[in-house]
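Take a look at the structure set out below.
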Ligand SMILES: [Zn+2]
């Protein structure tokens, strides 16, 4: 990320924090005292899904790192950044685990149970909004660049556009990719009903990008981009009177 872009994103987050500091406080009267208290609004519940985990490492990078590790590293950073802003997401996993039911023996059984449990967790959450983090691979190692996919629906598309723009500006101004509707072949996204996006942060099959994706600094930059876009969408929604996270 260029320093100027990183500075812009940090300045944006700082501005939101300052604005949020005001917006999240409400003047209430208790007895004769005027006190400031945080607003408990009943908006959306953000769910962060670090793709794969445990026995299911997902795609494997050129140097042998499973995407599940990178997915988790990015999700934990988004969670930390959002924590500064008073947003408490649900993390489908916060460790290197697969969330399959007891009694599953084969890897296939475990993978099926894991994905069913992820769907159940999301569908069991009222007013959910999902951000799923993955890494891409392709047979041609020249392919690179972050790509955002979205479930059908205006809200998913709008968030996907903000995230794609933030990733372009923050990571790679030359990235021409546009948000794309997620294919039906992605089980999780086909079987949930809430707004959702899936972020493929980059290609593990491209040597340059793979080295970046493995670095903690780059993982933080990705998390900053996703977080700033999410906060912007939250701000937009708040301004338009729709539920906010
Ligand atoms: Zn994946």
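The values are calculated or read from the model by the stated rules, or taken from the named source; none is laboratory data. Predicted, not measured: the structure shown is a model, and the values here were computed from it. Ideal geometry is used to build each Cβ from the backbone, glycine not excepted, and the neighbour counts take in all protein chains shown.
Looking at residue 222, is it within 16 Å of the ligand (Cβ to nearest atom), under 23 Å from residue 128 (Cα atoms) and part of a strand (DSSP E or B)?
No, not satisfied.
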Problem - Test: residue in region 204-218 that is touching a strand residue (DSSP E or B) at 6+ places or on another chain (Cβ under 8 Å), within 23 Å of residue 114 (Cβ to Cβ), at pLDDT 95 or above and in a loop (DSSP other than H, G, I, E, B) - result: yes
Exercise for the section: Output the number of residues of region 93-138 satisfying the condition of being away from the ligand (no atom under 16 Å from the Cβ) and surrounded by fewer than 16 Cβ atoms within 10 Å (Cβ to Cβ). Expected result: 15
Fill in the blank from the handout: Just one listed residue, out of 145, 64, 103, is within 17 Å of the chain's Cα centre (by Cα) and outside any helix (DSSP H, G or I), and it is 145
Exercise for the section: Check whether at least one residue in region 156-167 is surrounded by fewer than 24 Cβ atoms within 10 Å (Cβ to Cβ), in a loop (DSSP other than H, G, I, E, B) and modelled with pLDDT of 95 or more, and report yes or no. Expected result: no
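Just checking, does region 86-93 include any residue being modelled with pLDDT under 95, over 22 Å from residue 201 (Cβ atoms) and within 17 Å of the chain's Cα centre (by Cα)? Let's see the steps before the verdict.
From region 86-93, those modelled with pLDDT under 95 are 86-88; that's our starting set.
Retained after the next criterion (residues that are over 22 Å from residue 201 (Cβ atoms)): 86, 88.
Now restrict to residues that are within 17 Å of the chain's Cα centre (by Cα): 86, 88.
The answer is yes, given that some residue of region 86-93 is modelled with pLDDT under 95, over 22 Å from residue 201 (Cβ atoms) and within 17 Å of the chain's Cα centre (by Cα).
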Practice task
Would you mention how many residues in region 67-92 are touching a helix residue (DSSP H, G or I) at 6+ places or on another chain (Cβ under 6 Å), part of a helix (DSSP H, G or I) and within 16 Å of the ligand (Cβ to nearest atom)?
Solution key: 3
Handout entry: Residue satisfying all of: in region 173-185; part of a loop (DSSP other than H, G, I, E, B) and in contact with a strand residue (DSSP E or B) (Cβ under 7 Å, 6 or more places away or on another chain); farthest from residue 111 (Cα to Cα) among these
Key = 177
